[in-house]
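Here the structure is laid out as structure tokens; the discussion comes afterwards.
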């Protein structure tokens, strides 16, 4: 908007995984309470990784969330505090483009 004093938010996509639906619901509630997360997609995924020298194949729940990039430290701290894994995945990717109407809607969802 021309002449608007509102700060335009820069968005990122943050991913983390947990081992089951119960853990995902618990973490989602904590994340939404931060009021820094606009939307979380919850998906079942198959994962393959090495842990303590062994290859592991397992099912996990992927939480993929849209956050303002400047709120990464708040969201990362929430994940670190409440995540059940010893070493949780916390990956932030910048969103380089999105529709203006979707960006506005996301901005309305956070504090």
Taking the options 62, 106, name whichever one is under 17 Å from the mean Cα position of the chain (by Cα) and over 19 Å from residue 35 (Cα atoms). 62
Residues of the range 50-79 being without any contact (Cβ under 8 Å) to a residue 12 or more places away in the chain and outside any strand (DSSP E or B), which ones? 52, 53, 73, 77
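Kindly indicate which of 95, 61 is modelled with pLDDT of 95 or more, touching a strand residue (DSSP E or B) at 6+ places or on another chain (Cβ under 8 Å), surrounded by 14 or more Cβ atoms within 10 Å (Cβ to Cβ) and farther than 17 Å from residue 17 by Cβ.
Exactly one residue qualifies, and that residue is 95.
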Checking the structure you have, find out if any residue of the range 20-27 is over 22 Å from residue 94 (Cβ atoms) and under 12 Å from the mean Cα position of the chain (by Cα). yes
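Conditions (1) surrounded by 12 or more Cβ atoms within 10 Å (Cβ to Cβ); (2) at pLDDT 95 or above, marked per residue:
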{"position": "9", "(1), (2)": "yes, no"}
{"position": "12", "(1), (2)": "yes, yes"}
{"position": "24", "(1), (2)": "yes, yes"}
{"position": "57", "(1), (2)": "no, yes"}
{"position": "67", "(1), (2)": "yes, yes"}
{"position": "78", "(1), (2)": "yes, yes"}
{"position": "83", "(1), (2)": "yes, yes"}
Looking at (1) touching a strand residue (DSSP E or B) at 6+ places or on another chain (Cβ under 9 Å); (2) in a helix (DSSP H, G or I); (3) at pLDDT 95 or above, can you tell me which one residue 103 breaks? (3)
Reported set for the range 16-49 where residues are free of Cβ contacts under 8 Å to residues at least 24 places away in the same chain, touching a strand residue (DSSP E or B) at 6+ places or on another chain (Cβ under 8 Å) and part of a helix (DSSP H, G or I) is 32
Condition broken by residue 84, with the remaining ones in (1) over 15 Å from the mean Cα position of the chain (by Cα); (2) assigned to a strand (DSSP E or B) satisfied: (2)
Residue list for the range 90-104, filter: touching a residue at least 60 places away in the same chain (Cβ under 8 Å) and either closer than 16 Å to residue 30 by Cβ or out of contact with any helix residue (DSSP H, G or I) (no Cβ under 9 Å at 6 or more places or on another chain) (or both): 90, 91, 93, 103
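The values are calculated or read from the model by the stated rules, or taken from the named source; none is laboratory data. As the structure is a computational prediction, the values presented were derived from the model and not from experiment. Every residue, glycine among them, receives a Cβ derived from its backbone with ideal geometry; neighbour counts consider all protein chains shown.
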